Amino acid sequence: MEQKTYEDAAFRVLSCDSHPDHSRISDFRKRHLGAISRLFVQILEICKEAGLVKLGSVALDGTKIKANASKRKAMSYSRMVKRDRELPREVEKLLADAGALEA
């Protein structure tokens with residue numbers, strides 16, 4: 001992110017043309033981890049409502065891959081509700097893993 005504040009116009013605008021170093025960005029993330037986690041869940045819920053994501057998948061790019069639809073993989077409403085409740089825990093785990101990698 002620090003490097004992006006030098007290279008990317010959008011990051012320059014968001015950072016008000018300042019260039020916080022990586023340790024400040026890391027400290028900010030650690031200090032606000034709870035709020036970031038809740039915000040991330042809200043963003044995922046908005047994306048889900050817009051049809052941009054599905055539970056259990058992470059989109060890295062727009063690559064389309066041919067696949068067969070499977071009845072075994074289809075999700076019932078009750079299973080979707082259960083997965084929806086698991087989403088905050090999955091986000092916490094992803095953020096914890098990111099923190100461990102950073103350490």
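The numbers here are math on the coordinates, done by the rules we state, and not lab data. No experiment lies behind these values; they were computed from the predicted model shown. Glycine gets a Cβ as well: all are built from the backbone with ideal geometry, and neighbour counts include every protein chain shown.
A crude spin-label estimate for the pair GLU2 and GLU86, with each label 7 Å from Cα along the Cβ direction, gives 3.7 nm. Rounded to the nearest 0.05, the FRET efficiency derived from the C-beta distance between TYR77 and VAL53 at R0 = 22 Å is 0.75.
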